[in-house]
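Student: My structure is below; once you've seen it, I'll send some questions.
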Amino acid sequence: MTSPAHDAGPRLASEPTPNALFRIHNVTKVYRMGDVEVHALRGVDLDLFEGEFIVVLGPSGSGKSTLLNILGGLDVPTSGQVIYRDHDLTSASDRALTRFRREHVGFVFQFYNLIPSLTALENVALVTEIADNPMVPEEALRLVGLSDRLNHFPAQLSGGEQQRVAIARAVAKRPEVLLCDEPTGALDYATGKLVLDVLEQINRELRTITAIITHNAAIAGMADRVIRMSSGGIAEIQRNEKRLSPAELTW
Amino acid sequence: MTPLNRKLTRDLFHLRGQVIALTLVVACGIGTYVTMRASYQSLLEAQQEYYAHYRFADIFTHVKWAPESLVPAISAIQGVAAVETRIVMDVTLDVPGLDEPAAGLLVSIPPRRDPVLNRLFLRAGRWPETANEIVISENFANANQMEPGAQLSAIMNGKWARLNVVGKALSPEFVYEIRPGEIFPDNRRFGILWMKRDAVAAAFNMEGAFNDATFSLARQSNEADVVRRIDTLLDRYGSLGAYGRSNHTSARIVTDHIEEIRTSGLVLPAIFLGTVAFLLHVLMSRLVSTQRGQVAVLKAFGYRDWEIGLHYVQLALVAVIAGTLLGMGVGLWLASSLTALFSEYFRFPSLSLRPDPRVMLTATGISGAAACMGAIAAVRRAVSLAPAEAMRPEAPAHFQPGLLERTGLRPLLSPATRMIVRNLERRPIRAMLSALAIGFAVAILVVGWSRVDAVDELAALQFNHIQREDIMVGFHEPRPASVAFDLAHLPGVLRVEPFRQVPVRLRFGHRSRLTAVTGLSRDAELRRPLDAARKSVELPREGLLLNSQLAELLGIDVGKLATVEVLEGARPVREIVVARLVDEPVGLGAYLDLTSLQHLLRESPTVSGAYLRVDPASSASLYSLLKRMPAVSSVAVRETVLASFWKILGDSITSTTFVLIGFAVVIALGIVYNSARISLSERGNELASLRILGFTKVEIGRILLGEQALLTLAAIPLGFLIGYAISWYVAKTHSPDILRVPFVISGRTYAFAAAAVAAAALLSGSVVARRLQQMDLTAVLKSRE
């Protein structure tokens, strides 16, 4: 199985690429915490290509969450440029960012963040309702293997099932980007693998750029590219010649 | 400062919006309580002190004529401590600057000494020394801008006399100064005149005689027994019957009014404080549950349950103490304005606010206890979990499709609407309590505004349906029926309806009541008794029409025989069947057909006065003619009575009502704001997740406020019901004999209450919606609660 992203070949991160979906150039992010300035990102350059599976590794405070927030339109950089296709997100308004998230981004959270008062199907429908070209919710849940749990409420689902509902909810709008923050962080080993399987399958079938941030270095094996971050910068970008299936991962 | 106290101050700052809202709610509860109780106690004490210091009599009676030589016999009546005889006469006055004639009640005072009973408080000037000097009542003096040195004319015993005003005074007998038989004061056209006894006696040929006596009771004597003994002694002197303070118009109205303030001072603050207590309970428990994680951490560090409990109780107490202080301040200020208002028509030598520390202590206790109970109940729930369990994220709550969806509406509801509905249905009790809290705000508004309705209704009933004449003319003595023709020939008189009024004692079984029977023509249009449905009741040829209140007091019903003892002329006693009951808000009336009353009196047809319809264009010349007719003792102009009605009832009821309404609006604001704020903190993560998923602020605002809107919608009919029940209860527990305020709640009141609460909800909703702007989206990604 070879994806077009692979055909694009290895490139230097800083080199602008015509067919990159995301282009991040010299992005810095400075938070003000009282009197202290926290430099969360210091001049990051990164391009993301269609269908890519990215794993972002790094210790706490390395800036990986800030990077994810900026990619997902939850935050804007202090300086530098963030371009998604023809949208400049660098200094987009709150309204524009909301539209960007609504149309292009799927999020998967560590703690699922399902709406407890809605069933699995309704949690997905919540998002398909506001999307332009969504799947039918049943289809999204079939993708994550939950066709038989459509009318269950979150409280009636296991952690892994809840996370799969969250994934179905994230992908049902057919986003170009799927951003996952520690998606297996709250799950046991076996369930974690099951969830990774689903993410891998979504990436393969829907060709969605998938970015996972995690502490778990073992997950790196299933990525096209592994981005290691430290102290607000990209320390290393490693390209895997062969993606491992989640079944081949151990931790 | 301990870390926990530092947390307290920061939490207080962080929750300042909610703390301020709570403080205001508490302040309103305490404010109502303090306003009502403090004005009640000030009035009550002023009344009691005045009556005691100025020796207000216990029993009153009026006779036709009795010799002064009777005094030793009267004084010897068992149970009588002191007696004061005097001469009291109706006089017609010509007041400078007034077109129409005014009426005066001329009361004799002993020469060169204060009366033993009903002593006067001389406000200005001096006591009368010569025959034509008078002291006049302060209200009458003020209304006509008369000071000592002024002059007025009076028809005394058919002759004009010029009188010099030498003083202004107050009397415990006339705290509420009205013409006999009336309910609303008209201080311009009615006043009390005090004159030396010898001068009055000379003018009315009453030397060595009296026609009025007041008595004080000896300790431990029975009023009813003494009344009976006085009546027995004075019956043959044309007694109108002795009566106690409870039948004394001024005393009765003052007492009724104080009693009304007492009732509203108990019922309304109880509702307000109950609402506040309930609200504190709900808010504290919800606040503590949003801090579940923090409670767990504190426990994990080894803080004891009571230390944590105390921490949250302190949080509540800050709002309660601030609210109590604010409420006391506002309450005392309002009470002093109300007291000032009362003193305009209740004349006490001194009426000032006397704050009672017990009132303050009670108020503090009530609100403090409510807050502590709310906080403690919530903290107990929070500390009952093992720390490890409490630190774990709360398991997703259990939900199920609610009732509404099971009815088949489900496909019609969007997921966002389902969220709202299920959130409410999942915790039905909490939803009900929240709706109930808002409902109370609606109810308080309904109760407050319904008092305005009641006054409107009373005015409409009395002045549009019952009292339809333009002026009422009264005579000193009954006049031949032919006087009606004389009146009809006066300029501008369009219609004349004579009436005959006689003082009577009505008896049924062992109960009796002093009142008057009015004889009306069967074709009368200007005065017609009304039934309960406000339809004019046709006078039966035979039989008595009784005011239903009077019937209740006598325990009599339609078809029964009432004993009518006429207290004038030949004093006939007859049994008359009660033909029908009539409904009137004012007085204790009894009516007979004019002819059958004249027949009962066994006299040639006479009348006591007449109701007139007049042409407004010629009223000025009519008034000056009436003023010069010696037979005329009083002229009551409907317009001026109506104006004084509005001045008194309008002022007192609307001012207290606006205070209540102001408080209720603040409570409504506080309830809705706090409820929405807590929802926001409980569901902040859920809403932030939705924002991340691409929902706009407007969309999540709709989800958050949709829940509040549904609660408010549910609360409105609930509030109508509660408000109706409370108004009904207040109306039933307080029903004075003399003035019965009808129980009505207009559509306007309901609309106003609903609109005010909806506006309060919108306002607090928009304040809360502004907080959605500041929501931290990225925190949600890491947070687990």
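FYI, it's all coordinate maths here, none of it is from the lab. Here the structure is a predicted model, which means the values were calculated and not measured. Don't worry about glycine lacking a Cβ; one is built from the backbone with ideal geometry, like all the others, and counts go over all protein chains shown.
Student: Please determine, in degrees from 0 to 90 and to the nearest 10, the orientation of helix B:223-234 with respect to the longest principal axis defined by the Cα atoms of chain B, where the helix direction is its Cα long axis.
Tutor: Long axis of B:223-234 versus the principal axis of chain B: about 20 degrees.
Student: Related question: Tell me the mean residue ellipticity at 222 nm calculated for chain B from its helices only (DSSP H runs of n ≥ 4, each -39500 (n - 2.57), averaged over every residue, nearest 500).
Tutor: Rounded to the nearest 500, the figure is -17000 deg cm²/dmol.
Student: Ok, one more. Just how large is the dipole of chain B about the Cα centre, in debye to the nearest 20, putting +1 at every Lys and Arg Cβ and -1 at every Asp and Glu Cβ?
Tutor: On the way: 82 positive and 69 negative charges, 610 e Å.
Taking the Cα centre of chain B as origin, the dipole is about 2940 debye.
Student: Based on the alpha carbons, how large is the Rg to Rh ratio for segment B:241-369 when Rh follows Kirkwood? All intermediate terms of the calculation are to be shown ahead of the outcome.
Tutor: On the way: Rg = 22.4 Å, Rh = 18.5 Å.
Computed over Cα atoms, the ratio is 1.21.
Student: Kindly provide log₁₀ I(q)/I(0) values, in the same order as q = 0.21 Å⁻¹, from the Debye equation applied to equal alpha-carbon scatterers of segment B:615-740.
Tutor: Taking Cα atoms of segment B:615-740 as identical point scatterers yields -1.25.
Student: OK, next. Quickly estimate the mean residue ellipticity at 222 nm for chain A, helices only: each DSSP H run with n ≥ 4 gives -39500 (n - 2.57), and the total goes over all residues, rounded to 500. List each step's numbers first, then the result.
Tutor: Details: 7 runs with 70 residues, N = 251.
It comes out at -8000 deg cm²/dmol, rounded to the nearest 500.
Student: Right, another one. As a test, work out the antiparallel percent of DSSP beta bridges whose residues both lie in chain A, rounded to the nearest 5. Kindly include the intermediate steps, with their values, before the conclusion.
Tutor: Working: 23 of 41 bridges.
DSSP beta bridges in chain A are roughly 55 percent antiparallel.
Student: Then there's this: Only Lys, Arg, Asp and Glu count, each charged at its Cβ (+1, +1, -1, -1), so figure out the dipole size of segment B:467-641 about its Cα centre, rounded to 20 debye. Please report the intermediate quantities before stating the final value.
Tutor: Working: 23 positive and 21 negative charges, 50 e Å.
In total the dipole reaches around 240 debye.
Student: So for the protein assembly as shown, considering every pair of alpha-carbon atoms, how many percent are separated by more than 51 Å? Walk me through the numbers before you get to the answer.
Tutor: Details: 241742 of 536130 pairs.
Roughly 45 percent, once rounded to a whole number.
Student: Using just the C-alpha positions of chain A as equal point scatterers, what log10 of I(q)/I(0) does the Debye formula give at each q in 0.14, 0.16 1/Å?
Tutor: Here log10 of I(q) over I(0) equals -0.93, -1.21.
Student: Work out the length of the dipole vector of chain A about its Cα centre, built from +1 on the beta-carbon of each Lys and Arg and -1 on the beta-carbon of each Asp and Glu, and round it to the nearest 20 debye.
Tutor: On the way: 25 positive and 31 negative charges, 33 e Å.
My answer is approximately 160 debye.
Student: Nearest 5 is fine: what % of DSSP beta bridges in the protein assembly as shown come out antiparallel, could you say?
Tutor: On the way: 100 of 138 bridges.
If I count the DSSP bridges inside the protein assembly as shown, around 70 percent turn out antiparallel.
Student: Based on the Cβ-Cβ distance of B:SER536 and B:SER681, what FRET efficiency does E = 1/(1 + (r/R0)^6) give at R0 = 51 Å, to the nearest 0.05?
Tutor: Numbers: r = 63 Å, r/R0 = 1.23.
E(calc), rounded to 0.05, equals 0.20.
Student: Name the most mobile residue of A:GLY185, A:GLY73, A:GLY63, meaning the one with the largest mean-square fluctuation, in a Gaussian network model of chain A with Cα contacts below 10 Å.
Tutor: Checking each option, the largest mean-square fluctuation is seen for A:GLY185.
Student: Enter the angle in degrees (range 0 to 90, nearest 10) between the Cα long axis of helix B:305-345 and the first principal axis of the Cα atoms of chain B, meaning the one along which they spread out most.
Tutor: So the helix axis and the longest Cα principal axis differ by about 20 degrees.
Student: Over segment A:130-251, what per residue volume does the convex hull of the Cα atoms give, in whole Å³?
Tutor: Working: hull volume 15.5 nm³, N = 122.
With only Cα atoms used, segment A:130-251 gives 127 Å³ per residue.
Student: When you have a sec, figure out the Kirkwood radius of chain B from all distinct Cα pair distances and drop it here in Å to one decimal?
Tutor: Averaging 1/r across every pair of different Cα atoms and inverting gives 30.4 Å.
Student: Output the 0 to 90 degree angle, nearest 10, between the alpha-carbon long axis of helix A:189-206 and the longest principal axis computed from the alpha carbons of chain A.
Tutor: 80 degrees
Student: How long is segment B:264-306 along each principal axis, judged by its Cα atoms, biggest number first, in Å?
Tutor: Projected onto its principal axes, the Cα set of segment B:264-306 covers 51, 19, 6 Å.
Student: Between B:ASP557 and A:VAL38, how many nm apart are label points set 7 Å from Cα along the C-beta direction?
Tutor: 8.3 nm
Student: Still on this model: Once the principal axes of the Cα atoms of segment B:135-289 are found, what is the range along each, listed largest first in whole angstroms?
Tutor: Cα spread of segment B:135-289 along its principal axes, largest to smallest: 86, 44, 25 Å.
Student: What GluC sites (Glu not before Pro) does segment A:166-251 have in DSSP loop regions with at most 15 other beta carbons within 10 Å?
Tutor: Numbers: sites: A:GLU176, A:GLU200, A:GLU205, A:GLU236, A:GLU241, A:GLU248; in loops: A:GLU176, A:GLU241.
Filter output for segment A:166-251: A:GLU241.
Student: Stick to the Cα atoms of segment B:555-690, pair each with every other, and give me the Kirkwood hydrodynamic radius in Å at one decimal.
Tutor: Working: mean 1/r = 0.0449 Å⁻¹.
Hydrodynamic radius (Kirkwood, Cα pairs) of segment B:555-690 is 22.3 Å.
Student: State the volume of the convex hull built on the alpha-carbon positions of segment B:56-250, expressed per residue in Å³ and rounded to an integer. Provide the component values of the computation, followed by the final result.
Tutor: Numbers: hull volume 21.7 nm³, N = 195.
Residue-normalised Cα hull volume stands at 111 Å³.
Student: How about B:LYS168: which lysines have a C-alpha closer than 18 Å to its C-alpha, ignoring those fewer than 8 places off in the same chain?
Tutor: The qualifying lysines are B:LYS196.
Student: If you don't mind, another one. If each of A:SER60 and B:ALA481 carries a label point 7 Å out from its Cα toward its Cβ, how far apart are those two points in nm?
Tutor: Going from the A:SER60 label point to the B:ALA481 one covers 10.7 nm.
Student: How far is it, in nm, from the label point at B:SER414 to the one at B:ARG771 when both lie 7 Å from their Cα along the line to the Cβ?
Tutor: With each label placed 7 Å out from Cα toward Cβ, I get 2.4 nm.
Student: Still on this structure: Largest first, please: the extent of the C-alpha atoms of segment B:467-641 along each principal axis, to the nearest Å.
Tutor: Sorted largest first, the three principal extents are 50, 38, 24 Å.
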